[in-house]
Amino acid sequence: MSEVVLGVVGAGTMGAGIAQLGCAAGMRTLMHDPVADALHRGGEAVEGGLSRWVKKGRTDAGAHQRLELAGDLEALAPCELVIEAAPERPQLKRELFARLSEICREGAVLATNTSSIPVTSLARAARRPENVVGMHFFNPPPLMKLLEVIRAEQTGEAALALACEVGRAMDKRVIRAADGPGFLVNRCGRPFGAEALRLLQERIAGHEEIDRICRMGGGFRMGPFELMDLVGIDVGFEVAQSFTELSFGEPRWKPSPIQARMVAAGRLGRKAGRGFYEYSREGPHRTPDPDPPAVGAGNARAATILGAGPLAGDLRRRARAAGVEVLDGPPAEVVIDAGLAPAADPPGGAPLAVLCAAGSLAARGQPEAVGFHLLPPLADCRLVELTKLPDTSPAAAEAAESFFAGLGFEHIWVGDAPGLVLGRIACQLVNEACFAVGEGVGGEADVDLGMTLGLNHPRGPFAWLEAIGVEHVCTLLDALWRERREERYRTAPVLLRRAMLAGWRPPT
């Protein structure tokens, strides 16, 4: 795109990264920062990044010559596209757009890299609001493959098309989103942290256990509390407050009192040396995840596995692969009820483990049993969550541990709740994505692309939905609603309709 002249306002990490992308894509790139030292440092960062890319063959040797440092904002007058990467202060960005409207040519497109401020509220400051668009790069821009292009209420087709074209020229996967709290990616990613905080508040599990379950059970690179510490607990708290304000109190997005207490205590995460984890001492902030037991390490040689659906089918296949004889009835050493609806008459005489999807273990009325939860596909899973009640027999607990160890699963004991830990988090991710799609914020493919490329999730919400099964997701959400009676657990209309078309009906 050598014909496009690109302007970048702000020479920090984001601005310098965007300028590097512009130069590498063949664009004459003018970078401005009102602080001279910051502009100089940003220029050095761009030069260093381009040098590394030239050595790797990712750009041509002339990329360096395409960068121009602009000491004055007026120097951006020739630009056809200006991307602001200024601090996240709405009034500052509005003032920038007002000034750039005076400086740049009439058809110039003004883009904001904001990750949280409504683009519509910024566009009104421009003389030609139809030329304003959101271009949300993910940090660090040279490495992250995603670009989220946000259409404000005023954005015209020409501005939208140029933003997408420039993003593709920068070798980004471009997704489109409508304006709104968190746009598409950050909105759909909110339950990862929000539901983890609720689980911690309910004392279902500790923060280290929740993080381990997400890593080993769900394939996430980082648990939600590690992520909150990395981003900054104060930053997450401010974002949660912003979501609540912009949505007029949507219950799914309420801040957590845990966040408020952590911020009040100065426990802000890595930058403060202490958040949910301690970072001041030498060595890693957490213990390494254990290796799961070897397949076949358990004692069970015959098991009855009840139920239909993806999870029950996966468990049968994994059990057979581990050398366990899978029976339809007695005699068995352990009975695994993996059905969404409790089995009407499970075989007696053997320890019982039941899936906690249609309700908590307490709600199932089987106090002697062990509760468990897993999410398919089991090929990616290394951990099973177990729960028990005061009346659960030690023999059932030991049998459940042994059976799942034989299938190669590490185990963690957690508190009792529908979906236990990972089930709640994953199903809330699916639910939020369905709310977003139903409200026209974005499409299913863009949601999944955004979550995997923008947030490094192992799969997107709609891929989770496909793997888990719509019946499992809706059964679990319905159980949370029935046992919690909170609006945060209401099922998205798009998801509910999808389930009903598949023949699912809420349990009565």
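The values are calculated or read from the model by the stated rules, or taken from the named source; none is laboratory data. The model shown is predicted, which means the values in this text are computed figures rather than measured ones. When we count neighbours, we look across all protein chains shown, and the Cβ atoms used for this are built from the backbone with ideal geometry, even at glycine. Ligands, DNA and RNA are excluded from the accessible area calculation, which covers all protein heavy atoms including side chains. Shrake-Rupley method; radii C 1.70, N 1.55, O 1.52, S 1.80 Å.
Listed here are the residues, each with its yes/no results for (1) open to solvent by less than 20 Å² (accessible area, probe 1.4 Å); (2) of a type in the set (Val, Ile, Thr); (3) without any contact (Cβ under 8 Å) to a residue 12 or more places away in the chain.
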{"position": "Ala75", "(1), (2), (3)": "no, no, no"}
{"position": "Cys79", "(1), (2), (3)": "yes, no, no"}
{"position": "Ile83", "(1), (2), (3)": "yes, yes, no"}
{"position": "Lys93", "(1), (2), (3)": "yes, no, no"}
{"position": "Arg99", "(1), (2), (3)": "no, no, no"}
{"position": "Glu102", "(1), (2), (3)": "no, no, no"}
{"position": "Gly107", "(1), (2), (3)": "no, no, no"}
{"position": "Thr112", "(1), (2), (3)": "yes, yes, no"}
{"position": "Ser115", "(1), (2), (3)": "no, no, no"}
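All conditions in (1) on the phi > 0 side of the Ramachandran plot; (2) small (Gly, Ala, Ser); (3) touching a helix residue (DSSP H, G or I) at 6+ places or on another chain (Cβ under 7 Å) hold for Ser247, with the sole exception of (1).
Of all residues in segment 365-398, those satisfying the criterion of being open to solvent by 20 Å² or more (accessible area, probe 1.4 Å), in contact with a strand residue (DSSP E or B) (Cβ under 8 Å, 6 or more places away or on another chain) and closer than 14 Å to Asp337 by Cβ are Gln366, Glu368.
Restricting the first member to segment 26-52 and to residues that are over 20 Å from Ile103 (Cα atoms), and the second to residues that are assigned to a helix (DSSP H, G or I) and open to solvent by 70 Å² or more (accessible area, probe 1.4 Å), the beta-carbon pairs closer than 9 Å and six or more apart or on different chains are Gly42/Thr13; Ala45/Thr13.
Being open to solvent by 70 Å² or more (accessible area, probe 1.4 Å), closer than 17 Å to Val231 by Cα, in contact with a Phe, Trp or Tyr (Cβ under 7 Å, 6 or more places away or on another chain) and not acidic (Asp, Glu) is a condition met by no residue of segment 283-302. When Val166, Val185, Val149 are checked against the criterion of being farther than 15 Å from Met451 by Cβ and in contact (Cβ under 8 Å) with a residue 60 or more places away in the chain, a single residue qualifies: Val166. How many residues, within segment 118-135, are open to solvent by 10 Å² or more (accessible area, probe 1.4 Å) and under 23 Å from Leu449 (Cβ atoms)? Number of matching residues: 1.
Selection over segment 86-113 of residues that are at pLDDT 95 or above and in a loop (DSSP other than H, G, I, E, B) gives a count of 3.
Would you be able to say whether some residue in segment 54-63 is within 30 Å of the chain's Cα centre (by Cα) and open to solvent by less than 40 Å² (accessible area, probe 1.4 Å)? Checked against the condition, which is being within 30 Å of the chain's Cα centre (by Cα) and open to solvent by less than 40 Å² (accessible area, probe 1.4 Å), segment 54-63 yields no hits at all.
Residues of segment 337-349 being open to solvent by less than 20 Å² (accessible area, probe 1.4 Å) and either in a loop (DSSP other than H, G, I, E, B) or among the hydrophobic types (A, V, I, L, M, F, W, C) (or both), which ones?
Hits for segment 337-349 are Ala338, Gly339.
Restricting to segment 459-488, and then to whatever is in a helix (DSSP H, G or I) and among the basic types (Lys, Arg), can you tell me which residue is nearest to Ile204 (Cα to Cα)?
Arg484
Here are the criteria: (1) closer than 17 Å to Gly269 by Cα; (2) crowded, with 23+ Cβ neighbours inside 10 Å. Tell me which single one Glu208 does not satisfy. All conditions are met except number (2).
Among the conditions (1) of a type in the set (Phe, Trp, Tyr); (2) surrounded by fewer than 20 Cβ atoms within 10 Å (Cβ to Cβ); (3) in contact (Cβ under 8 Å) with a residue 60 or more places away in the chain, the only one that Phe404 does not satisfy is (2).
Within the span defined as segment 412-423, one or more residues are assigned to a helix (DSSP H, G or I) and not hydroxyl-bearing (Ser, Thr, Tyr).
Put simply, of Arg187, Arg168 the only residue that is open to solvent by 40 Å² or more (accessible area, probe 1.4 Å), assigned to a helix (DSSP H, G or I) and of a type in the set (Lys, Arg) is Arg168. In the set (1) surrounded by fewer than 18 Cβ atoms within 10 Å (Cβ to Cβ); (2) not in a helix (DSSP H, G or I); (3) not aliphatic (A, V, I, L, M), the condition left unmet by Gln241 is number (2). The number of residues in segment 256-269 that are crowded, with 17+ Cβ neighbours inside 10 Å and touching a residue at least 40 places away in the same chain (Cβ under 8 Å) comes to 4. Restricting segment 310-332 to residues that are in a loop (DSSP other than H, G, I, E, B) and either in contact (Cβ under 8 Å) with a residue 40 or more places away in the chain or open to solvent by 20 Å² or more (accessible area, probe 1.4 Å) (or both), the residue that is nearest to Leu352 (Cα to Cα) is Ala332. Would segment 11-25 turn up any residue that is free of Cβ contacts under 8 Å to residues at least 12 places away in the same chain and assigned to a helix (DSSP H, G or I)? Looking through segment 11-25, none of the residues is free of Cβ contacts under 8 Å to residues at least 12 places away in the same chain and assigned to a helix (DSSP H, G or I).
Looking across segment 474-494, the residues that are open to solvent by less than 10 Å² (accessible area, probe 1.4 Å), over 10 Å from Gly359 (Cα atoms) and out of contact with any Ser or Thr (no Cβ under 8 Å at 6 or more places or on another chain) come down to Tyr489, Ala492. When restricted to residues that are among the hydrophobic types (A, V, I, L, M, F, W, C) and open to solvent by less than 40 Å² (accessible area, probe 1.4 Å), segment 270-282 contains 1. Of (1) within 23 Å of Asn139 (Cβ to Cβ); (2) in contact with a helix residue (DSSP H, G or I) (Cβ under 7 Å, 6 or more places away or on another chain); (3) surrounded by 19 or more Cβ atoms within 10 Å (Cβ to Cβ); (4) of a type in the set (A, V, I, L, M, F, W, C), Met14 satisfies all except one. Which? Going through (1) within 23 Å of Asn139 (Cβ to Cβ); (2) in contact with a helix residue (DSSP H, G or I) (Cβ under 7 Å, 6 or more places away or on another chain); (3) surrounded by 19 or more Cβ atoms within 10 Å (Cβ to Cβ); (4) of a type in the set (A, V, I, L, M, F, W, C) one by one, Met14 breaks only (2). Filtered by the rule that a residue be within 20 Å of Glu3 (Cβ to Cβ) and part of a loop (DSSP other than H, G, I, E, B), segment 38-80 gives Thr59, Asp60, Ala77, Pro78, Cys79, Glu80.
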